[in-house]
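A quick write-up on the structure given underneath.
The values are calculated or read from the model by the stated rules, or taken from the named source; none is laboratory data. The structure presented is a predicted model; accordingly, all values stated were derived computationally and were not measured. Quick reminder, even Gly has a Cβ in these numbers, built from the backbone with ideal geometry, and neighbours come from all protein chains shown.
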Amino acid sequence: MCGRHHKIIDTETRKYTTAMLLRIKQEHEEQGFAEISPTGARVAQQLLANYTQITVIGNHGNVAIQSPGAIQARSITIKNTRAKLSVAPPAGSIGAARAKVAYCQHLIDRYQEYQKADWSGKSDFKYAAIHIALKRTFGASWKLLDEEQFDELVAYLQKRIDATIIGKRNRARGHPNYSSFEV
C-alpha cells in the first residue's frame, strides 16, 4: 500500500476492519494483475527468464535467487516487518556497467558536495533531493536506466552541478567542476 492509503487505513480503524481489508485484498488478487512501471516490468521479465533456483544462505534468513540479475534479500518479511531487498541491475543497464556507475556516483557526490557547501540559504541541502529529481526526470532509479541513456544522465547531472553557486564560481574562474568520463 502506498504511504497515503496506509495512513488512512491506520487512522480509520473502525471503517477499515481486518475483515474488510482481507476482502479488499482477495478481490484485488482475483483480478490477477498488478500495475508496475515499464522499467520494473523489464527487470521482472529478465529475472523470470533467467530464474534457476532459490538458495537460502546461512541461518539468518538471507535469500539469493540465482540469476544474472541476482536478488538478495537481507531479511525476510515476517508478519509486520519490512523486507529489505537489493536487486542487481540487469544486463544492458547503467548499473551493470561498473565504470558508468562509478562516474555517475562521482557526479552525484560532487553535486552533494557543492550543495552542502552552499551557505547562501538559497538551496536547502537534502541528501535525497538529487535521487528524487533523477527518478522524476528519468522515471526510474538511475542504475536501472538503459546504457543508451548514459549520456543523457551525465549531461543532466553535469548541468545540475554547473547550476550550483560553487559550480558557477568555478566555471567563471576556469576551474573544472568534475572529471570527464573515460573508459
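Against the definition (at pLDDT 90 or above, part of a helix (DSSP H, G or I), surrounded by 14 or more Cβ atoms within 10 Å (Cβ to Cβ) and within 16 Å of the chain's Cα centre (by Cα)), how does I130 come out, yes or no?
Working: at pLDDT 90 or above: no; part of a helix (DSSP H, G or I): yes; surrounded by 14 or more Cβ atoms within 10 Å (Cβ to Cβ): yes; within 16 Å of the chain's Cα centre (by Cα): yes.
In short, no.
Does G139 qualify as being loosely packed, with under 14 Cβ neighbours inside 10 Å, within 15 Å of V43 (Cβ to Cβ) and modelled with pLDDT of 60 or more? Can you show your working first?
Working: loosely packed, with under 14 Cβ neighbours inside 10 Å: yes; within 15 Å of V43 (Cβ to Cβ): yes; modelled with pLDDT of 60 or more: yes.
Yes, satisfied.
Yes or no: segment 116-125 includes at least one residue that is surrounded by fewer than 16 Cβ atoms within 10 Å (Cβ to Cβ) and either at pLDDT 85 or above or in contact with a strand residue (DSSP E or B) (Cβ under 9 Å, 6 or more places away or on another chain) (or both).
no
What number of residues within segment 142-179 satisfy the criterion of being more than 15 Å from Q105 (Cβ to Cβ) and part of a loop (DSSP other than H, G, I, E, B)?
Step one: list which residues in segment 142-179 are more than 15 Å from Q105 (Cβ to Cβ), which gives 146-149, 151-152, 155, 159, 162-177.
This time we only want the ones that are part of a loop (DSSP other than H, G, I, E, B), so: 163-164, 174-177.
Qualifying residue count for the region: 6.
For the subset of segment 74-115 comprising residues that are modelled with pLDDT under 75, under 16 Å from the mean Cα position of the chain (by Cα) and outside any loop (DSSP other than H, G, I, E, B), which member is surrounded by the most Cβ atoms within 10 Å (Cβ to Cβ)?
If we filter segment 74-115 for residues that are modelled with pLDDT under 75, which is where we start, we get 74-88.
Checking which are under 16 Å from the mean Cα position of the chain (by Cα) leaves us with 83-88.
Then keep just the ones that are outside any loop (DSSP other than H, G, I, E, B); that gives 84-87.
On the way: K84: 11, L85: 14, S86: 9, V87: 18.
Residue satisfying both the conditions and the ranking: V87.
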